[in-house]
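Everything on this sheet refers to the single structure shown next.
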Amino acid sequence: MITLEDLRVEYRTNPIDVGTGTPRFSWKIESDGQGITQSAYAVEVALDDAFDSFLWQSGKIPSRKSHLVRYGGLTLESSKRYFWRVKVWDNHSEESPWSETAFFETTLLSTDEWRAVFISAEDEDAGASSVGTLLRKEFVLSAGIRSTRLYAGAKGLYRATVNGRRAGAEELCPGWTEYQKRILFQTYDVTGSVSPGPNVLGLMAGPGWYKGDLAGWVGKRNVYGKRTAVIAQLRVEYDDGRVEIIPTDASWQGTAGPVEYSEIYHGETYDARREQPGWDCPGFTGTGWRPAAVESGDTGLLRPQDGPPVTEHEHFKPLSLFTTPQGERVIDFGQNISGWVRFSVQGTAGDRVKLRHAETLDAAGNFYTENLRTAKQTIEYTLKGGGIETYAPLFTFQGFRYIAVDEYPGGLDGINKDNFEAVAVYSDMRPVGEFSCSHPKLNQFMSNVRWSMKDNFVDIPTDCPQRDERLGWTGDAENFCRAAAYFMETAPFFKKWLRDLVLSQLPDGQVPHVVPDIFNSTAGPGDKIEAGACAWADAAVIIPWTVYTYFGDREILEEQYPSMKNWVEYIRGVAQDGLLFNVGFHFGDWVALDAKEGSCFGATPNDLTATAFYAYSTALLARSAAILGKTEDTARYRKLREDIGDAYRNEFFTPSGRLAAPTQTAHILSLAFDLVPAVYKQRTVDTLVALIAEQNNHLTTGFVGTPFVCQVLADNGHLDLAYELLLKEDFPSWLYQVTKGATTIWEHWDGLKPDGTMWSPDMNSFNHYAYGAVSDWVFSTIGGLDTDREQPAFARSILRPCPGGGITWAETKYESVYGPIALRWETGGGKITLAVTIPPNTEAELTLPKAEPGNIGGLDFAPAKGGAVAVLGSGSYSFEYPWPSGSL
């Protein structure tokens with residue numbers, strides 16, 4: 001029997017904020033049989049859960065498609081709930097029962113439906129202020145309320161309450177976008193918070209990214225505006241069909257709140273004595289309130305939330321409370337995170353709690369904040385007195401493992417660590433991948449990568465969560481996007497961010513170094529253009545392609561294709577003969593160890609790096625064009641890629657086959673992007689191995705070369721060296737960080753040096769995922785799991801484990817869009833065992849390492865490079881065969 005599970009609309013289960021009139025449906029098939037594929041499906045959408053009033057009956061559609069099936073029925077209305085179900089037929093003509101009924105609700109689908117305006121409790125010129133404000137509106141509702149939805153957004157950050165109850169659990173709303181071009185709004189179900197009679201809608205606002213400090217090293221502020229503003233629209237539907245709207249307008253009241261100061265980088269100052277109890281409840285009669293100002297009536301930039309919201313996740317209790325050699329009272333939470341500390345405290349009015357946040361301690365064991373640069377990361381809370389008070393910041397977040405408690409009621413000796421907890425805060429992405437093996441330090445490394453991803457995927461993909469930066473650096477995101485797809489379902493996350501990349505792209509096609517773009521948007525005449533750097537700007541091409549590859553979301557390719565093409569065409573326009581990208585500013589192999597002392601720029605020539613990535617992006621653009629049916633573009637960019645390759649070889653290889661740039665990264669990129677003439681390939685591989693050997697088998701690569709090195713070595717006959725590099729524990733290496741107690745990935749190989757000194761505090765994050773990009777190789781080669789590029793999203797899995805490095809077992813689990821995939825291998829006793837699970841509606845190409853072709857486990861395996869191969873349908877399988885001792 002086949003059944004259906006995990007019904008989702010636009011990646012979400014029963015969402016209430018679908019922002020499109022043509023949503024896409026997904027489901028997974030569950031079956032205990034083998035070789036099960038879907039042969040047809042039928043989807044029904046109705047106005048009622050009894051399915052009496054249909055909007056769409058697809059009928060039986062012959063298709064294997066079960067992911068992101070587009071709605072094709074009658075026009076959907078805004079603010080309405082719809083019910084849907086699906087059934088399928090398999091390749092054995094078995095028909096499933098109808099799935100359980102699922103639902104989705106549309107949000108406001110048109111900006112014309114907004115009756116609200118942006119209002120503010122700040123003066124028009126409040127650019128220097130960092131206070132939080134309160135706004136309220138009391139209103140009366142009739143009896144017979146069926147449902148109530150709140151739509152809200154802000155210029156700044158906001159929280160909403162209804163009758164004293166918080167709306168939703170989302171944090172840092174509405175998120176960070178190109179505010180001058182689009183502002184997101186959220187949708188909340190607040191039916192349970194309203195009642196007939198008097199009600200109050202409350203809104204709190206803070207500066208956030210909109211008007212607060214940004215890029216502290218250059219002192220950006222008021223990038224988007226000088227005062228916060230909020231917009232909200234409460235929609236109340238009654239049993240008799242009537243609809244009542246309560247919008248933000250000039251009738252609202254506003255005042256300053258207890259948040260006296262709040263900044264993303266610097267923290268928050270909260271005076272609980274300034275709270276006005278009941279301000280967001282009926283019957284309140286406080287003082288100091290005045291009519292709200294209408295900031296703007298223009299709602300044309302409002303767009304529905306289109307990425308996963310930021311929410312609270314893991315909670316950590318302190319591991320220890322101790323006193324440093326300098327006398328600071330410090331709490332260690334054991335994990336470097338992005339988020340905040342929630343604490344409970346009791347004292348008299350006017351008592352204070354003051355906390356500072358840090359990632360690490362210095363060599364002497366003292367609290368270390370120099371690497372924060374200008375970021376203060378400080379929380380100050382003033383008690384109101386009268387009982388236990390609990391607080392967590394509203395409009396800021398910190399990057400930290402440690403906090404220094406500088407002030408506390410009754411003195412620092414009275415601190416009770418059990419009254420504190422650290423809360424991890426990041427975008428609410430679905431976890432998909434897990435890896436574990438017999439090597440504990442490699443397991444810790446993979447945990448560190450996962451945590452650096454979580455900590456830096458806070459609405460946008462940032463470089464770091466602690467210092468005065470926290471920007472959406474395109475190079476970091478491009479570098480890590482494939483690894484990210486193994487850990488989390490990143491398609492919705494990147495879809496949101498890529499839309500802002502398109503909006504920030506310059507008219508000539510250059511892509512900014514950071515998205516949202518806070519540099520070029522505020523640039524004056526003659527200012528340097530902060531855009532167009534290779535590997536950074538290539539995010540415009542590489543990330544959409546990667547998301548499509550791992551999640552099968554063709555819409556992302558369609559939507560991003562003009563941007564992808566514009567970037568490649570920009571390069572073609574400025575490159576020498578349209579082929580050698582040897583102009584402009586480039587970060588190059590950033591923070592490579594072969595850089596000059598005190599420099600972040602690696603030794604690999606920029607024109608080589610830039611041209612290599614130009615070739616790579618052009619190749620991906622051609623493949624994208626083919627998928628989208630753009631025949632002329634496909635041919636054009638395939639030819640361009642060939643020409644770039646020829647120019648690259650002529651420019652960077654000598655007639656005898658020597659690569660002119662004697663760096664590890666130059667050889668890695670040339671091999672990874674297929675830019676080496678076949679006749680020179682072995683020499684290039686041998687030279688790479690020699691360059692690594694010159695460093696006693698260590699890397700000198702930076703952000704650009706590191707992600708590809710293990711794959712290049714493994715693909716070219718040096719799997720053993722790839723394992724050696726991965727598992728080294730001395731400096732510099734990936735596991736060196738683990739031996740130093742790291743719980744996240746460092747920005748520099750030498751962030752903390754063997755002698756205990758640190759890299760310059762000017763740029764030394766201990767939570768920077770870029771060097772964690774090698775984790776995709778851990779998943780795909782040690783774990784043995786990848787997807788066929790021709791059948792993306794694991795419709796056809798590539799299962800090809802490559803045991804080595806002394807690791808005796810490894811297990812990979814992945815929740816694909818079709819269902820769970822699992823592969824476990826273990827060696828010992830002269831044999832190897834493999835267990836494989838393949839979800840229905842997919843197949844897998846399984847290569848058994850070092851196996852002889854023939855019948856293994858009841859299946860016929862053909863000869864293949866490195867072993868024997870067979871194509872398997874869905875189901876669970878196990879295999880066992882001889883494994884020579886010493887093969888590891």
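The smallest convex shape that holds all Cα atoms of the range 496-538, its convex hull, gives 67 Å³ per residue. Beyond 23 Å in Cα-Cα separation lie the following of the pairs K681/K865; K454/K740; K211/K376; K831/K865; K454/K596: K454/K596. Counting only the Cα atoms, the range 1-112 fills a convex hull of 90 Å³ per residue. Each of E5 and H92 was given a label point 7 Å from its Cα along the Cα-to-Cβ line. The distance between the two points is 1.8 nm.
Model label sites at K220 and K354, defined 7 Å from Cα along the beta-carbon direction, differ in position by 3.1 nm. Set against the 2.2 N^0.38 Å expectation for a compact globular protein, the range 103-251 has a Cα radius of gyration ratio of 1.10. Restriction of the trypsin sites (Lys or Arg not before Pro) in the range 214-263 to DSSP coil positions whose beta-carbon has at most 13 other beta-carbons within 10 angstrom yields R242.
Kirkwood analysis of the Cα pair distances in the range 363-452 returns a hydrodynamic radius of 17.2 Å.
Summing charges over all other residues whose Cβ lies under 12 Å from the Cβ of T787, with Lys and Arg as +1 and Asp and Glu as -1, gives -2. Reducing the range 131-205 and the range 463-519 to their Cα centroids gives an inter-centroid distance of 28 Å.
For the chain, carbon and sulfur atoms together expose 48% of the accessible surface, with a 1.4 angstrom probe and every protein chain in place.
Report the FRET efficiency, 1/(1 + (r/R0)^6), for Q576 and R658, where r is their Cβ-Cβ distance and R0 is 25 Å, rounded to 0.05. Efficiency, from the Cβ-Cβ distance: 0.70. Calculated on the alpha-carbon coordinates, the convex hull of the range 403-480 measures out at 165 cubic angstrom per residue. The Stokes-Einstein estimate for the range 772-888, based on a Kirkwood radius over Cα pairs and taken at 4 °C with 1.567 mPa s viscosity, is a diffusion coefficient of 91 µm²/s. Here is the size of the range 634-792 from its Cα atoms: Rg then Dmax, 17.5, 56 Å. Across the range 10-74, the relative contact order, built from alpha-carbon pairs under 8 Å that are at least six residues apart, equals 37 percent. Compute log10 of I(q)/I(0) for the range 254-314 with the Debye formula, placing one identical point scatterer on every Cα and leaving out solvent, at q = 0.15, 0.28, 0.30 Å⁻¹, to two decimals. Taking Cα atoms of the range 254-314 as identical point scatterers yields -0.88, -1.09, -1.16. Segment D48..S760, full-extension length gain: 250.1 nm, with 0.36 nm per residue of separation and the alpha-carbon distance subtracted. The longest stretch of the chain left intact once loop-based chymotrypsin sites (Phe, Trp or Tyr not before Pro) with at most 15 other Cβ atoms within 10 Å are removed from consideration, loops following DSSP, is 218-584.
Computed with a 1.4 Å probe over protein heavy atoms only, the accessible surface of the range 6-81 comes to 43 Å² per residue. Please work out, to two decimal places, the log10 of the ratio I(q)/I(0) at q = 0.14, 0.25 Å⁻¹ from a Debye calculation in which every Cα of the range 593-643 carries one identical scatterer. Rounded to two decimals, the profile gives -0.48, -0.84.
Placing a label point 7 Å from the Cα of S885 along the Cα-to-Cβ direction, the residues of the range 812-834 with a backbone N closer than 20 Å are 826-833. The calculated P(r) of the range 1-64, using every Cα pair and 5 Å bins from 0, goes 4, 13, 19, 26, 21, 11, 4, 2 in percent. Stokes-Einstein diffusion for the chain, with the hydrodynamic radius set to the Kirkwood value over Cα pairs and evaluated at 25 °C in a medium of 0.890 mPa s, equals 84 µm²/s.
Annotation for the range 167-264: GluC sites (Glu not before Pro) lying in DSSP loop with at most 12 further Cβ atoms inside 10 Å of their Cβ do not exist. For the chain, averaging the sequence separation of C-alpha pairs within contact (under 8 Å, six or more residues apart) and dividing by the residue count gives a relative contact order of 10 percent.
Taking only the C-alpha atoms of the range 169-242, Rg followed by Dmax gives 16.8, 58 Å. Grouping the Cα pair distances of the range 305-393 into 5 Å bins from zero gives a pair-distance distribution of 3, 10, 18, 21, 19, 15, 8, 4, 1, 0 percent in increasing distance order.
The distance separating the Cα centre of the range 634-705 from that of the range 29-95 comes to 49 Å.
Across the range 62-116, how large is the tail of the calculated P(r) beyond 14 Å, expressed as a percent of all Cα pairs? The calculated P(r) of the range 62-116 puts 69 percent of pairs beyond 14 Å. Residue by residue, the range 682-696 carries 3J(HN,Hα) couplings of 5, 5, 5, 4, 4, 5, 4, 4, 5, 5, 5, 5, 4, 9, 6 Hz when phi is fed to the Karplus relation 6.51 cos²θ - 1.76 cosθ + 1.60 (θ = phi - 60°); x denotes Gly or Pro. Loop-located GluC sites (Glu not before Pro) in the range 663-757 (DSSP state not H, G, I, E or B) with no more than 13 neighbouring Cβ atoms inside 10 Å: E729. Take every pair of alpha-carbon atoms less than 8 Å apart whose residues are at least six positions apart; their mean separation over the length of the range 575-679 yields a relative contact order of 25 percent. For K630, a cut-off of 15 angstrom between C-alpha atoms picks up these aspartates and glutamates, skipping any fewer than 8 places away in its own chain: E555, E558, E559. With the largest listed first and rounded to whole Å, the semi-axes of the equivalent ellipsoid of the range 249-367 from the Cα gyration tensor are 37, 22, 14. In the range 719-820, Rg over Rh equals 1.07, where Rg is the alpha-carbon radius of gyration and Rh the Kirkwood radius from pairwise Cα distances. The H on the amide N of G212, modeled in the peptide plane, is under 5 Å from the matching H of N222, each at least 5 residues off or on a different chain. Expressed as a whole percent, the proportion of Cα-Cα pairs in the range 102-182 lying more than 16 Å apart is 69%. Summing Lys and Arg as +1 and Asp and Glu as -1 over all other residues whose Cβ lies under 15 Å from the Cβ of R649 gives a net charge of -3. Residues whose amide H comes within less than 5 Å of that of A292, counting only those at least five positions distant or on another chain, are W252, Q253, G254 (H built at 1.01 Å from N in the peptide plane). What the phi angles of the range 465-471 give under the Karplus curve with 6.51, -1.76 and 1.60, with θ = phi - 60°, is a coupling list of x, 10, 7, 7, 9, 6, 9 Hz, glycine and proline written as x. May I ask for log10 I(q)/I(0) of the range 410-538 at q = 0.09, 0.12, 0.18 Å⁻¹, from a Debye sum over the Cα atoms as equal point scatterers with solvent left out? Scattering profile of the range 410-538, log10 relative to I(0): -0.37, -0.59, -1.00.
Net charge of the neighbourhood of H586, taken over other residues with C-beta under 14 Å away and scored Lys/Arg +1, Asp/Glu -1, is -4.
The values are calculated or read from the model by the stated rules, or taken from the named source; none is laboratory data. In this text, all values refer to a predicted model and were calculated from it rather than measured experimentally. Ideal geometry is used to build each Cβ from the backbone, glycine not excepted, and the neighbour counts take in all protein chains shown. Note: areas computed on protein heavy atoms with side chains; ligands, DNA, RNA excluded. Shrake-Rupley method; radii C 1.70, N 1.55, O 1.52, S 1.80 Å.
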